[in-house]
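Step one of this worksheet: look at the structure below.
The values are calculated or read from the model by the stated rules, or taken from the named source; none is laboratory data. Every value quoted in this text rests on a predicted model; they were computed, and no experiment measured them. Backbone-built Cβ (ideal geometry, glycine too); neighbour counts: all protein chains shown. Quick note on the areas: whole protein, heavy atoms, side chains included, nothing else; ligands and nucleic acids left out. Shrake-Rupley method; radii C 1.70, N 1.55, O 1.52, S 1.80 Å.
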Amino acid sequence: MTTALLTHSDCLDHVTPPGHAERVDRLRAVAEALTTEGFAGLLREDAPLADEAELLRAHPQGYVDKIKAARPAEGTVALDADTHMSPGSFRAALRAVGGALRAVDMVMAGEAANAFVAVRPPGHHAETARAMGFCLFSTVAIAARYALDRHGLSRVAVVDFDVHHGNGTQDVLWDDPRVLFVSTHQMPLYPGTGAAIETGAAGNILNLPLPPMSDGRRFRAEFEAHALPRLDAFAPELVLVSAGFDSHAADPLAQLVWGVPDFAWITRRLCDIAEAHSGGRLVSTLEGGYDLEALAASVAAHVAVLMERGA
Ligand SMILES: [Zn+2]
């Protein structure tokens, strides 16, 4: 068994305006970090294009049509102050969703022990009918629904350690008791949601907001006290991860002060949960991370742990 890496060059064709934090170079930095010798054992596969019907697991047809129609013929178009589309964005987003779904298929079939999906645009801010926060489609929520409905699972955990609250994932999965959604994030910070009192219609959501300047020690203590017992009790049959690396101290968009070892730590804990309940099955998808050096080092630490635990 091994760790799968799914990515696609189409994800470089999602172009944002000059100076935008969520830029093409992020994915280049991630790809370069994973080409060093230690990552030779990755099972590399191109992320396939998702069938457009898969988007309907999280979004109404009207929304999908609207995003598709918003594609500019050239240049970029702004969907809101943060979220832009270029001619290649819709296809890149279909690769992102397709990569996540293929990764689910691979771990469910035992073709890989776990997987990392290196794609963009990210997905965790995209709500049921609203693109926002650099995100077009709710990739991880779609993957959760796909695992439940296509693979016949009853319980899927989604853990989001991006520094921003996964409001889109929460919106899509708000009333789905088959999913436990756990998010750690800085508060106050964009998008403003993610208070501890937001627990989902079925009590299926756990938000762990962290004050600015929280270090890895604070995060680990909160996660151990609150998230790990909930995840253990839920006993997921699959663990999905919204892996954002913008909690790193060097990240320009937020003020948490995690270091690279904190990303290795959370990856180990999530692998522990997967090993205890899910046969080790874990699929991690790239969300944020905007300092290229910190992003590359943090992704490398994350994937190194996946490989160590997936071997
Ligand atoms: Zn983020």
Notebook entry, point to check: For segment 253-311, what is the Kirkwood hydrodynamic radius in Å, using each pair of distinct C-alpha atoms?
Noted result: 12.2
Check: Rounded to the nearest 5, what % of the DSSP beta bridges within the chain are antiparallel ones?
Finding: 10
Next item on the list: Work out the charge dipole of the chain with +1 on the Cβ of Lys and Arg and -1 on the Cβ of Asp and Glu about the Cα centre, then indicate which of ALA144, SER247, GLY192 is farthest towards its positive end.
Entry: ALA144
Margin query: If R₀ is 25 angstrom, what is the calculated FRET efficiency for the pair GLU37 and GLN255, using the beta carbon separation as r and rounding to 0.05?
Written below: 0.10
Next item on the list: List every DSSP H helix in the chain whose Cα atoms extend 18 Å or more along the helix's own long axis and whose mean Kyte-Doolittle hydropathy is at least 0.0.
Entry: 89-109, 260-277, 292-310
Next item on the list: Can you figure out the FRET efficiency of ALA233 with ASP51, using R₀ = 30 Å and their beta-carbon distance, to the nearest 0.05?
Entry: 0.30
Next item on the list: Quick one: among GLU54, GLU45, GLU74, which has the greatest mean-square fluctuation in a GNM of the chain with alpha-carbon springs under 10 angstrom?
Entry: GLU74
Check: Say a paramagnetic label sat at a point 7 Å from the Cα of ALA129, along Cα to Cβ; which residues of segment 64-96 have their backbone N under 20 Å from it?
Finding: 64-71, 79-81
Margin query: Loop only by DSSP, 11 or fewer other Cβ within 10 Å of the Cβ. Give me the chymotrypsin sites (Phe, Trp or Tyr not before Pro) in segment 244-300 that pass, ordered by residue number.
Written below: none
Next item on the list: Give me the net charge of ASP65's neighbourhood, meaning all other residues with Cβ under 14 Å from the Cβ of ASP65; Lys, Arg count +1, Asp, Glu -1.
Entry: +2
Notebook entry, point to check: Any idea what the alpha-carbon Rg over 2.2 N^0.38 Å comes to for the chain?
Noted result: 0.89
Note to self: Charges on Cβ only, +1 for Lys and Arg, -1 for Asp and Glu, centred on the Cα centroid of the chain; of ILE266, ALA96, PHE181, which one is farthest towards the dipole's positive end?
What the structure shows: PHE181
Check: Just how far, in whole angstrom, is segment 253-311 from segment 16-73 if you go by their alpha carbon centroids?
Finding: 19
Notebook entry, point to check: Label-point separation (nm) for ALA221 and ALA202, each offset 7 Å from Cα along Cα-to-Cβ?
Noted result: 3.4
Check: Under a GNM of the chain (C-alpha, springs under 10 Å), which listed residue has the highest mean-square fluctuation: ALA131, ALA294, ALA196?
Finding: ALA196
Notebook entry, point to check: Which parts of segment 125-151 would a label at VAL77 reach, counting a residue when its backbone N lies under 18 Å from a point 7 Å out along Cα-to-Cβ?
Noted result: 129-137
Check: Taking the Cα centre of segment 205-311 as the origin, how large is its charge dipole in debye, to the nearest 20, when only Lys and Arg (+1) and Asp and Glu (-1) carry charge on their Cβ atoms?
Finding: 220
Next item on the list: Measure out, as a whole number of angstrom, how far apart the alpha-carbon centroids of segment 96-132 and segment 148-200 sit.
Entry: 15
Next item on the list: Please report, in debye to the nearest 20, how large the charge dipole of the chain is about its Cα centre when each Lys and Arg carries +1 at its beta carbon and each Asp and Glu carries -1 there.
Entry: 280
Notebook entry, point to check: Around LEU292, what is the net charge, scoring Lys/Arg as +1 and Asp/Glu as -1 over all other residues with Cβ under 14 Å from its Cβ?
Noted result: -3
Item checked: For segment 89-209, accessible area per residue (1.4 Å probe, heavy atoms of protein chains only), Å² -> 25
Checklist line | Peptides ranked, highest mean first, by Cβ atoms within 10 Å: ranges 79-87, 102-110 | finding: 102-110, 79-87
Checklist line | Highest-fluctuation residue, ALA47, ALA96, ALA264 considered, GNM on the chain with Cα pairs under 10 Å | finding: ALA264
